[in-house]
Amino acid sequence: MSKPIKRIAVNTGGGDAPGLNAVIQSVVIAAANRGWDCFGIRDGFNGILFPERYSEGGVARLTRDRVRGIGHLGGTILGTTNKGNPLHFPVNMPDGTVREIDRSDEILTYFATHEIDALVSIGGDGSLTIANALHQKGLRVVGVPKTIDNDLDKTFTTFGFDTAVGFATECLDRLHSTAESHQRVMVVEVMGRYAGWIALHTGIAGNAHAVLIPEIPFDLDKIAAKLRARDSEGRLYSIVVVAEGAQARDGHRELLAAAEVGHAERLGGVGERIAHALTERTGKETRVVVLGHLLRGGSPTSFDRLSALRFGAAAVRALDEGQSGIMVSLGLDGVDYVALEEVAGRMKAVPLDCDTLQTGRDLGICFGD
Ligand code: F6P
């Protein structure tokens, strides 16, 4: 039987996503209702690793008052970072090189010294991999799945995804009229890392004519043929949605920046490349819209807000039940728990036989194959 909990901490890691504040609010209130104190760690684990950076403390008590009225706000009141994984922390060496060191013991020591019994870690793949490692080193941890990309395994969805798709779909709705008025091809690049969820759902909901996702390597000639076919039917404009991680048949992927120690590669630029190639092939005028970080901003939809509140409360319930090393997940029957080990380091790609993709094909959308 694990020792009863009195104090917990919560942090947010990786790229922000709408709904983070709702999870924090839910964790704090569900903990307070059990008589537990809750502490927020700033900027991933930086609040512990670099306390000197924070005049009000790198780890601060989160009261009910502090989280009142934040559930509908985008971003995270705790701050976040997608640099500086404590397991592979980049350190500048005197010879100018950068080396990675493991600083996870400093986190465990902090929890022990400050008598914090458990951590609720809200994050995507990277953060949940860290959470799993901390759990294996003896910390009580529950993970909460966050990402606009929806690329986390073992959960039906992550919070943030619905908001991103809703906003991107609204953008497509707006682009149809200007594309049609000018008889142009609008290429809309969306985030999603190596998974095509955002592009697929946005493209279908927003009536795109071509959707390019990383799971289906694209052939530019096939997309050009689709545009020409539309032209010949008198439909002189087209909307092409492309995921930032989409790749051509030769496996080439556009990058804004290569990976460096402590930071993953930055995807982007495929929209420009496709627009240029389509103009060359069809003679049509093209314009590119990169939705980028706009997809991460704004208020969470009610679906994401509700998922976030359910996840936060479920994380606290799990800790109360003595569980650890798990992630809260959303199944079709409601909230469930899965082992972090089953999630860490795995990516959920769009299955090629899923009905959403099939729907797109039935509607005549070109997937570049
Ligand atoms: O994982 C979320 C995400 O928004 C991806 O879709 C995107 O590739 C990445 O983060 C961008 O990260 P950054 O904030 O470093 O630009």
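The values are calculated or read from the model by the stated rules, or taken from the named source; none is laboratory data. The structure displayed is predicted, hence computed values, not measured ones. Reconstructed Cβ throughout: ideal geometry from the backbone, glycine too, with neighbour counts over all protein chains shown. Areas reflect the complete protein model, heavy atoms only, side chains present, ligands, DNA and RNA absent. Shrake-Rupley method; radii C 1.70, N 1.55, O 1.52, S 1.80 Å.
Among the conditions (1) surrounded by 13 or more Cβ atoms within 10 Å (Cβ to Cβ); (2) farther than 24 Å from residue 343 by Cβ; (3) away from the ligand (no atom under 16 Å from the Cβ); (4) modelled with pLDDT under 95, residue 88 misses just one, which is (2). Within the range 273-297, track down each residue that is within 16 Å of the ligand (Cβ to nearest atom) and open to solvent by 50 Å² or more (accessible area, probe 1.4 Å). Listed by number, the residues that qualify are 290, 293, 294, 296.
Could you tell me which residue of the range 158-188 is farthest from the ligand (Cβ to nearest atom), considering only residues that are at negative phi and touching a Leu at 6+ places or on another chain (Cβ under 7 Å)?
For the range 158-188, the residue satisfying everything is 185.
For the range 190-213, name all the residues that are open to solvent by 10 Å² or more (accessible area, probe 1.4 Å), within 19 Å of residue 273 (Cα to Cα) and within 16 Å of the ligand (Cβ to nearest atom). Of everything in the range 190-213, those that are open to solvent by 10 Å² or more (accessible area, probe 1.4 Å), within 19 Å of residue 273 (Cα to Cα) and within 16 Å of the ligand (Cβ to nearest atom) turn out to be 191, 193, 194.
Of everything listed in (1) assigned to a helix (DSSP H, G or I); (2) open to solvent by 60 Å² or more (accessible area, probe 1.4 Å); (3) in the same structural domain as residue 12 (by TED's automatic domain parsing), the single unmet condition for residue 361 is (3). Counting only residues that are open to solvent by less than 10 Å² (accessible area, probe 1.4 Å) and assigned to a helix (DSSP H, G or I), the range 128-162 holds 3 of them.
Quick check on the range 141-156: of everything there that is under 19 Å from residue 214 (Cα atoms) and touching a strand residue (DSSP E or B) at 6+ places or on another chain (Cβ under 6 Å), which residue is farthest from the ligand (Cβ to nearest atom)? Top of the filtered list is 152.
With 355, 362, 320, 369 as the choices, which residue is at pLDDT 95 or above and closer than 30 Å to residue 29 by Cα?
Exactly one residue qualifies, and that residue is 320.
Could you say whether any residue in the range 218-226 is within 15 Å of the ligand (Cβ to nearest atom), under 16 Å from residue 276 (Cα atoms) and at pLDDT 95 or above? Within the range 218-226, not a single residue is within 15 Å of the ligand (Cβ to nearest atom), under 16 Å from residue 276 (Cα atoms) and at pLDDT 95 or above. Looking at the range 326-346 only, could you name the residues that are open to solvent by 10 Å² or more (accessible area, probe 1.4 Å) and not in a strand (DSSP E or B)? Within the range 326-346, 332, 333, 341, 342, 344, 345, 346 meet the criteria. Residue count for the range 10-69, restricted to those that are among the acidic types (Asp, Glu) and under 19 Å from residue 126 (Cβ atoms): 2. Taking first residues from the range 252-280 that are within 22 Å of residue 188 (Cβ to Cβ) and partners that are open to solvent by less than 70 Å² (accessible area, probe 1.4 Å) and among the hydroxyl-bearing types (Ser, Thr, Tyr), the Cβ contacts under 7 Å between residues at least 6 apart in sequence or on separate chains come to 275/286; 278/286; 279/286.
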